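Since the structure comes first, as structure tokens, the remarks are kept for the end.
The values are calculated or read from the model by the stated rules, or taken from the named source; none is laboratory data. Quantities reported herein were computed from a predicted structural model and do not represent experimental measurements. Note that we place each Cβ from the backbone using ideal geometry, even for glycine, and neighbour counts take in every protein chain shown.
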Amino acid sequence: MTEVQLQEIKLDPDSELRFEVETKNEKVVLEVKSGYAELFGTELVKGKPYEFHTGAKVAVFTWHGCTVELRGRTEVSYVAKETPMVVYLNVHAALEQQRVAAEHENTRGPVTMVVGPGDVGKSTLTKILLNYAVRMGRRPIFVDLDVGQGHISVPGTIGALLVERPASIEEGFSQQAPLVYHFGHKSPGDNLELYNMIVSRLAEVIAERCENNKKASTSGVIINTCGWVKGTGYKVLTHAAQAFEVDVILVLDNERLYNELKRDMPKFVKVVYLPKSGGVVERSSTQRAEARDARIREYFYGNRTPYYPHSFDVKFSDLKIYKVGAPSLPDSCMPLGMRSSDALTRLVPAWPSPSLAHRVLAVSFAPSPDDHVLATNLAGFVCVTAVDMDRQTMTILSPQPRPLPDTVLLLSDLQYMDNH
Ligand code: ADP
């Protein structure tokens, strides 16, 4: 453990300062004193203090050299001269060429999918490429299929966002009007049928939107994926590639996956192998769970701008809670014309019980369970903080004041303990 109270660090061109904040309730402040630096593709403003809190793992990269000041205690902090940033910049340049061609020929810009095992920097590369694109005046679409972390909304969902400005250092990409679909589990394997269905739906909606937004269409799409790449996980990836009709697949740090994709993808799909950054930090399952928890807390309580969620009681009889997936029966026991896999995407009422305590519920825009609920964008989320079986009520934590909209609520496996 290194104690750093105040440190001035000089960075040579093409190098990066990496640091982690681990201690609970610790805060580290970073400031660029001279020169230019960026953080995962977002330019840092000279003289502006940026705060980093517990769990932050960051790299401040400079193309031309700079001096930065670091205040506070970091667990790890070192300067790395070897980074794959030049390779990543070349990828950006190649995508940019395709965008220029799309503009001239009035066609679609590149649809790029980033794949690789867990903790290789997929989300980070996605962010860098989106930031570089938007800094060139593009308006790319960010798609996140990683239900385990949920970078656009809360974990257990997939979503898309039109990126109109670089990610803010503290708060990430601006969350205006994201498209979000309910999955309700941490891994695609928990309900493959549902996962593939919502991935296809999201791809379809994005294709429709691109038809009406030429700027977004020529800017293209960048898709972040889950780190599950073997066996069925591989099939999930190839399904997503097909659904989004990807043009480019960037494979981070896994030769086997690269070779499999080269073999199986149609010839017009460019499969590119990329090295991972030595700075990417592996996370334990506890750290992943903490990150999931932090995402949900951020949804209700905000990050830099604090939100003030509401808490109120609702009668069981006023709620329409459903879970996705009926217990599956063999095909021979299914009603005529139905397959057992259909059951996995069916809505079944979830009866109020104490086991609903601390569960996240997705609030659908669909008013009734017959209204294509799973193909409908989500309005938001609430969390059940307590269940009172005697009074037949639930206490709900919600970003909106009461009443809850008269819509379908979808039960998620994800839990959140509200001890704010
Ligand atoms: P994946 O999406 O493949 O699981 P991430 O992109 O989320 O991986 O990276 C894992 C962690 O490593 C994140 O906390 C990220 O901030 C951190 N990280 C990524 N690149 C670097 C780097 N060059 N230096 C320091 N930390 C990094």
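If D331 satisfies every condition in (1) at pLDDT 90 or above; (2) surrounded by fewer than 17 Cβ atoms within 10 Å (Cβ to Cβ); (3) over 25 Å from the mean Cα position of the chain (by Cα) but one, which is the exception?
D331 satisfies every listed condition except (1).
Checking the condition touching a residue at least 40 places away in the same chain (Cβ under 8 Å) and of a type in the set (V, I, T), which residue from V147, V163 passes? Give the derivation first.
Numbers: V163 fails: touching a residue at least 40 places away in the same chain (Cβ under 8 Å).
Result: V147 is the single residue among V147, V163 that is touching a residue at least 40 places away in the same chain (Cβ under 8 Å) and of a type in the set (V, I, T).
Mind checking which pairs have a first residue in region 17-32 that is touching a residue at least 24 places away in the same chain (Cβ under 8 Å) and a second that is assigned to a strand (DSSP E or B) and of a type in the set (S, T, N, Q), Cβ under 6 Å, 6 or more apart or different chains?
Close Cβ pairs satisfying both conditions: F19/S77.
Which pairs turn up if I take residues in region 82-106 that are more than 19 Å from I249 (Cα to Cα) and look for partners that are of a type in the set (D, E) and surrounded by fewer than 19 Cβ atoms within 10 Å (Cβ to Cβ) with beta carbon separation below 9 Å, at least 6 apart in sequence or on another chain?
T83/D14
Can you confirm whether F142 is touching a helix residue (DSSP H, G or I) at 6+ places or on another chain (Cβ under 9 Å) and under 22 Å from H53 (Cβ atoms)? Steps first, please.
Values: touching a helix residue (DSSP H, G or I) at 6+ places or on another chain (Cβ under 9 Å): yes; under 22 Å from H53 (Cβ atoms): no.
The answer is no for F142.
For residues that are part of a loop (DSSP other than H, G, I, E, B), more than 14 Å from the ligand (Cβ to nearest atom) and under 22 Å from K24 (Cα atoms), tally how many sit in region 52-76. Write out each step before concluding.
Quick first cut of region 52-76, residues part of a loop (DSSP other than H, G, I, E, B) only: 54-56, 63-65, 72-75.
Narrowing further to those that are more than 14 Å from the ligand (Cβ to nearest atom): 63-65, 72-73.
Next, only the ones that are under 22 Å from K24 (Cα atoms) stay: 72-73.
Of the residues in that region, 2 qualify.
Pick from K10, K48: which is in contact with a Ser or Thr (Cβ under 8 Å, 6 or more places away or on another chain) and either in a loop (DSSP other than H, G, I, E, B) or modelled with pLDDT of 90 or more (or both)? Spell out the reasoning first.
Numbers: K48 fails: in contact with a Ser or Thr (Cβ under 8 Å, 6 or more places away or on another chain).
Exactly one residue qualifies, and that residue is K10.
So K127 fits all but one of (1) at pLDDT below 95; (2) buried (at least 22 other Cβ atoms within 10 Å of the Cβ); (3) within 12 Å of the ligand (Cβ to nearest atom); what number is the exception?
Of the numbered conditions (1) at pLDDT below 95; (2) buried (at least 22 other Cβ atoms within 10 Å of the Cβ); (3) within 12 Å of the ligand (Cβ to nearest atom), the odd one out for K127 is (1).
Can you work out which of the residues in region 134-149 that are among the β-branched types (V, I, T) and assigned to a strand (DSSP E or B) is surrounded by the most Cβ atoms within 10 Å (Cβ to Cβ)?
Going through region 134-149, the residues among the β-branched types (V, I, T) turn out to be 134, 141, 143, 147.
Checking the rest, the ones that are also assigned to a strand (DSSP E or B) come to 141, 143.
Working: I141: 23, V143: 27.
Step by step, filter region 134-149, then rank; the result is V143.
Just need a number here: residues in region 86-117 that are assigned to a loop (DSSP other than H, G, I, E, B), surrounded by 15 or more Cβ atoms within 10 Å (Cβ to Cβ) and either within 15 Å of the ligand (Cβ to nearest atom) or polar (S, T, N, Q) (or both).
Kept after step one, since they are assigned to a loop (DSSP other than H, G, I, E, B), are these residues of region 86-117: 106-110, 116-117.
Subset that is surrounded by 15 or more Cβ atoms within 10 Å (Cβ to Cβ): 108-110, 116-117.
Those left that are additionally either within 15 Å of the ligand (Cβ to nearest atom) or polar (S, T, N, Q) (or both): 116-117.
Residues that pass the stated criteria total 2.
Any idea which residue in region 12-38 is farthest from the ligand (Cβ to nearest atom), counting only those that are polar (S, T, N, Q) and under 28 Å from the mean Cα position of the chain (by Cα)?
N25
So, in region 62-77, of the ones that are charged (D, E, K, R) and at pLDDT below 95, which residue ends up nearest to Y88 (Cα to Cα)? Give the steps one after another, and end with the answer.
Kept after step one, since they are charged (D, E, K, R), are these residues of region 62-77: 69, 71, 73, 75.
Now drop any that are not at pLDDT below 95, which leaves 71, 73, 75.
Working: R71: 30, R73: 30, E75: 27 Å.
Among residues in region 62-77 that are charged (D, E, K, R) and at pLDDT below 95, the one nearest to Y88 (Cα to Cα) is E75.
S123 - would you say it is in contact with a Leu (Cβ under 8 Å, 6 or more places away or on another chain) and either part of a helix (DSSP H, G or I) or not aliphatic (A, V, I, L, M) (or both)? Don't jump to the end; show me each part of the working.
Values: in contact with a Leu (Cβ under 8 Å, 6 or more places away or on another chain): no; either part of a helix (DSSP H, G or I) or not aliphatic (A, V, I, L, M) (or both): yes.
It is false that S123 is in contact with a Leu (Cβ under 8 Å, 6 or more places away or on another chain) and either part of a helix (DSSP H, G or I) or not aliphatic (A, V, I, L, M) (or both).
Here are L356, L344: which of them is aliphatic (A, V, I, L, M), more than 11 Å from L411 (Cβ to Cβ), at pLDDT 80 or above and under 27 Å from the mean Cα position of the chain (by Cα)?
On the way: L356 fails: more than 11 Å from L411 (Cβ to Cβ).
Only one candidate qualifies: L344.
Take residues that are touching a strand residue (DSSP E or B) at 6+ places or on another chain (Cβ under 6 Å) and within 22 Å of T345 (Cα to Cα) and tell me which of the strands (runs of 3 or more DSSP E) falling wholly in region 150-261 contain 1 or more.
Numbers: elements: 157-162, 179-182, 221-224, 248-252.
The strands (runs of 3 or more DSSP E) meeting that bar are 157-162, 179-182.
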